[in-house]
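Bear in mind these aren't lab numbers, they're just calculated from the coordinates by the rules spelled out. Keep in mind that what you see is a predicted model, and the values were worked out from it rather than measured. Backbone-built Cβ (ideal geometry, glycine too); neighbour counts: all protein chains shown.
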Amino acid sequence: MTKKLLTSLLTLFLVIGITTTAEAQKKKKKKKDKVETPKPPEEKPKKGDIQPYDKVITKDAITDDGLFKVHQIDEKYFYEIPDSLLEREMLMVTRIAKTASGIGFGGGKQNTQVLRWQKKDKKIVLRVVSHSVVAADSLPVHEAVVNSNFEPVLFTFPIKAFSKDSTATVIDVTDLFEKDVKAIGFPTWRRKQYKITRLDSDKSFIEKIKSYPKNIESRHVKTYSAGDPPSNESTGTISVEMSNSMILLPEVPMKKRMFDERVGWFSRGQIDYGQEAQKSETVRFLDRWRLEVKDEDIEKFKNGELVEPKKQIVYYIDRATPEKWRTYLKQGIEDWQVAFEAAGFKNAIIAKDPPTVEEDPDWSPEDVRYSVVRYLASPIPNANGPHVSDPRSGEILESDINWYHNVMSLLRGWFFVQTAAINPNAQSPEFDDEVMGRLIRFVSAHEVGHTLGLPHNMGSSVAYPVDSLRSATFTQKYGTAPSIMDYARFNYIAQPGDDGVALMPDIGTYDKYAISWGYKPILDVEDEKETLDNWILTHAGDPLYRFGHQQVRGVVDPSSQTEDLGDDAIKASTYGIANLKRIVPNLIKWTTKKGENYDDLNEMYGHVVSQFNRYMGHVSSNVGGVYEYYKTSDQEGAVYSHVDKNHQKNCLKFVNNELFQTPTWLIDKDIIGKTEFSGITERIGRLQTRTLNNILNLSRMTRMVENETLNGSEAYTLVSMMNDLRNGIWSELRNGRSIDTYRRNLQRAHVERLAELLNSEDVKKTSTSSYVKTTAVTVNRSDIIPVIRGELKRIQRDARRVSTSAPNTITRYHLQDIVERIETILNPK
C-alpha cells in the first residue's frame, strides 16, 4: 500500500468516525431531550366536583346490588341511587341490634320515620317526611297543608359521580352512619337517662350495610361518653349496635280501614284537613296486612266460599331455632287459620322453614320480603311481636317475632305456680318436651296475634263465670278466655278433681271476631263505616266480644286487668290461694333433685309469692274502681260506671283477711331454712305494703270522693273505706292482743303511707292514652287531707289508750312509738 493510499483511507475512516459519533451524539441528545421534557401537571379535581364513575367506584369496590347498589371501598360506603327512586318515600326503622346489660334489648324499636331522597344541584338531600297532617291533593286546602309541613333536612351528600349510563347517582354515605345523627341513633330520652354528652367517634364505626330488593339494612356501632352508664361503668361509655332498616314503601298505598275503639287494634292517626268537620279532625286507621281477593275469586267470595288471598302472610322459622321447638312455633302461627276463615280466607297465614344455605345462600331474615320468628340466645325472659307498617295506609310490610330462649323459664314458672296443684305435668322444675312445646305454641300464637294488628285485650278474661272454668266440658269448648290476646295465662281456678279441664286459652270467639272485623273485604262499598258499625252492634253487650284496654301505671277499670280469670276477683282469688296452699307443702319435693342445690326451690317459691301478690292486686283494684265499656251514641247506657258499693266493701274485707292478717301459710320454715339466711319479714312486709299503697292511692281516693258526690249513699265512701282499713290493720287495738312482728311492720307502713299522702304533690292528668288513665288531684283542696288527719289522730288516740295495758313489752314499746311518730307527723318541729 502506498503512502498516498494509506493517507486516504485514514482520512476516510476519520470522516466516517466523526460523522458516526456526531450522529450518535445527536440521537442521544434527542433521546435525552425527550425524557427530560416535563409534562404539564394533571389538574386536580376541585372539592365538590363530580368525578367520572371509575374514579369513584374503583376496581377495589365490593358491590352489593339491591334497592340501591351499595359499594364498599376500604372503610367507605357509597350508595348508587337510581333516578327512578328519587322522590319515592322510604320507611326508616331504627332498632337496637345488640346492647349491653341494662340498655334496652336487642330488637327494641327506637325510632320510625319516612324519608325521601331528592337531587338538588350538586347534592342529594335526605328529607324527613311527615304523614301526621294530610289533605287530598285535589282540594284547595292541600296547598296550605304542604306549606305548613315543610320537610326537614336530615342530611346532605355531595354527588360524587353518576353511573355510566347516567341513570343513577353515587354518594358517600359513610358520615351518615359514623357521625352522631340522632334520628338514626340513640334516642334523646335514653341520652338523658344515661347522661350522654357526646359521641366518641374513635370508637364508633360501620359494621356492615347490606342491600336487598326492597330494603337496605345497615348496622353501625355507636359509643357514647356517658355520665351514668348502667353497666361497664369503668369505661365511662355506652356502646350499642344500631340497626337501620330502610324500606321502599308501596307506590300505591293500601286502602285504609277506619279504627273503632270498641274493637282492639293497633292503629295510627292523621289530622285530615280534607274532612267536612268544622275543626281539625284526627282520622285513625288500622295496622293490618294487605289481604285481597283475587279477581277471579270475587264471585266465590261473595257467595260465601273461602278463597285464598292474592298474597299470603308467610312466617319463616329462624334457622337458629332448635329443631324440637320448630313444630310448636309453626302450630302457633297456623292456629290463626280459623280466625282468617271467619274473614272469608283460607290458607291466609302459613309457617315455613327457610331455605338452607345450600338452597339459597342469599336468603336472610333481614330481607324485608320475609317475616321471621327470630330465635335469640338471650337471658331476657320474653317474646314480642313488633311489626313495620306504612304510615300512609297502615299496611303491615313485615314482622319479625323476637323469641328469646329464656322465655321458657318464664313459661315454666307460670305453668308451675298456676297449675301444679292439679297437674302432674307441672310438678317438676323441668318439663317434658311435649309439655314445654304446648306452652311455646301458646305464646307463639299470642305473639303472632300482635303481628296481625291485635293489641292485648285485658277485658276478655272476665267474660266467663268463675265456676265455668272448673268445667271440663265448658273449657274444652271455649278455652279459659274468649281471646288469646288477654294475659289469661293458665287455669289457676281449677281445683283437684276437676279432671279434663282446659289449662290455657286458644284462638277464641273474640279473636275470630276481631280478625274478621279488620280483614274481611267489604266489596262494592266506598264508605265502609256503616258496615263495620253494624258488625259491632250485632254483638253489643255480649262479654265474649268485649275489648278492654291494657292499663299501665295503675288500674282504674278492675274488669280489664292482667293475669286474672273469671267474672269475680274474690271467688277466683280464693280458688287460686287454695291451690297455692296445696303447692307450698310440696315445693321441696317438686323442685329438688339429689345432689343439686336449692336454686329451683328458691325460684319457684318466688313465683308463689308473686302469684299471691297478683291475687291481691286483682281484688284490691276494685276499691275505687270505675268500669269502662266503650260505646257510641247510638248505644244505651254509660261508658263509665263505678264498681258496686258492696263489692268494693267485700274486696277490702278479703284483703284484710287474706293479706293484712299475716298469711302464715306462706311462711314455711323448711323452705326458708333452705333458701335464705334472712329476709322473710321484709318479703311479707313488701307484699303487704304494695297492696296497702295500691288502696291508699291519691287518684283512687279521689274517685271515691267523686263517687259519693255523684251517687250519695250508693257509693262506698272514702271515710267508710278508711274506717274498714283501719279496723283490719289495727284490730289488736280493739281486742287487746299482742301484736306480732309482721303486724307491727304493717302498722308502721300504714302510718308512713298516711304521712306520705299528707305531704303529697298534686297529680296532674299528663296523658290522654287509653293505656294510662290518670285521675287529677289537687291535694290541698280535696277531702283527702282532712280524712287522713282524722285517721292519724284516731290511731294515735287508740294507741295511747291501749299502750298502758299492753300484754307485753314489745307491744307497749311499739304503740308508744306509734304515738310519737304521729305526733311528729301532725306537729313537725
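Using the structure shown, list the pairs from LYS123/LYS210; LYS302/LYS477; LYS76/LYS160; LYS182/LYS210; LYS179/LYS222 with a Cα-Cα distance above 18 Å, or answer none.
Long pairs (Cα-Cα over 18 Å): LYS123/LYS210; LYS302/LYS477; LYS182/LYS210.
From the residues PHE660, ASN827, TYR513, which one has its Cα farthest along the dipole of the chain in the positive direction, the dipole being from +1 and -1 charges on Cβ of Lys/Arg and Asp/Glu about the Cα centre?
With unit charges placed on the Cβ atoms, the residue in question is ASN827.
Residue separation times 0.36 nm, minus the C-alpha to C-alpha distance between ASN650 and SER201: what's the value?
Once the chain is fully extended between ASN650 and SER201, it gains 155.4 nm.
Can you give the Rg/Rh ratio of the range 285-526, where Rg is from the C-alpha atoms and Rh is the Kirkwood radius?
So for the range 285-526, dividing Rg by the Kirkwood Rh gives 0.99.
Only counting other Cβ atoms within 10 Å, I'd like ILE216, ILE350 sorted with the fewest neighbours first.
Least to most surrounded, the residues fall as ILE350, ILE216.
Pulled fully out, how much extra length does the chain show between LEU306 and SER130, if you take 0.36 nm times their separation in residues and subtract their Cα-Cα distance?
59.5 nm
Of the labelled options (i) 1.30; (ii) 1.13; (iii) 1.04, which one gives Cα Rg over 2.2 N^0.38 Å as computed for this structure?
Matching the structure shown: (i).
On C-alpha positions alone, give me the angle between the axis of helix 645-655 and the longest principal axis of the chain, in degrees, nearest 10.
Tilt of helix 645-655: around 80 degrees.
Within the range 544-674, how many Lys pairs sit with Cα atoms under 22 Å apart, leaving out pairs fewer than 8 places apart on the same chain?
Going through the range 544-674 pair by pair, I get 15.
Set the bar at 23 Å for Cα to Cα. Now go through LYS120/LYS164; LYS59/LYS203; LYS255/LYS294 and name every pair that lies beyond it.
LYS59/LYS203
Can you work out the FRET efficiency for the pair LEU86 and ILE62, with r the C-beta to C-beta distance and R0 = 22 Å, to the nearest 0.05?
0.35
Could you state the angle between the C-alpha long axis of helix 784-803 and the longest principal axis of the C-alpha atoms of the chain, as a value from 0 to 90 degrees rounded to the nearest 10?
Long axis of 784-803 versus the principal axis of the chain: about 50 degrees.
Would you mind pulling out the separation of the Cα centroids of the range 194-268 and the range 286-332, in Å?
That distance is 29 Å.
Got a sec? Charge dipole of the range 75-129, +1 on Cβ for Lys and Arg, -1 for Asp and Glu; which of SER84, TRP117, THR99 is way out at the positive end?
It is THR99.
Rounded to the nearest 0.05, what FRET efficiency is calculated for SER101 and LEU544 with R0 set to 45 Å and r the Cβ-Cβ distance?
0.55
With labels modelled as points extended 7 Å from the Cα through the Cβ direction, what inter-label distance (nm, one decimal) is found for ASP180 paired with THR327?
Computed distance between label sites ASP180 and THR327 equals 5.4 nm.
Determine the relative contact order of the chain: mean sequence separation of Cα pairs under 8 Å and six or more apart, normalised by residue count, in whole percent.
Over the chain, the number comes to 7 percent.
Where does helix 809-826 land angle-wise versus the long Cα axis of the chain, in degrees 0 to 90, nearest 10?
Between helix and principal axis, roughly 60 degrees.
Sticking with the crude label model, points 7 Å out along Cα→Cβ, report the distance from ARG734 to ASP499 in nm, one decimal please.
4.6 nm
Please compute the length gained on full extension between LYS793 and GLN113, using 0.36 nm multiplied by the number of residues separating them and subtracting their Cα-Cα distance.
239.1 nm
Where Lys and Arg each count +1 and Asp and Glu each count -1, what net charge lies around GLU241 among other residues with Cβ under 9 Å from its Cβ?
For residues surrounding GLU241, the net value is +2.
Given a Förster radius of 41 Å and the C-beta distance between ARG284 and ASP433 as r, what FRET efficiency does 1/(1 + (r/R0)^6) yield to the nearest 0.05?
0.40
Taking other Cβ within 10 Å of each residue's Cβ, how do ARG319, ARG326, ARG441, ARG734 sort, fewest first?
Least to most surrounded, the residues fall as ARG734, ARG319, ARG326, ARG441.
Once you put a point 7 Å from the Cα of VAL357 and another 7 Å from the Cα of VAL639, both along the Cβ direction, what distance in nm separates them?
Simple spin-label model gives 5.6 nm for this pair.
Each residue of the range 516-533 in order: what ³J(HN,Hα) in whole Hz does its phi give by Karplus 6.51 cos²θ - 1.76 cosθ + 1.60, θ = phi - 60°, with x for Gly and Pro?
Per-residue couplings from phi come out as 4, 4, x, 10, 5, x, 10, 8, 6, 10, 6, 9, 7, 4, 5, 5, 4, 5 Hz.
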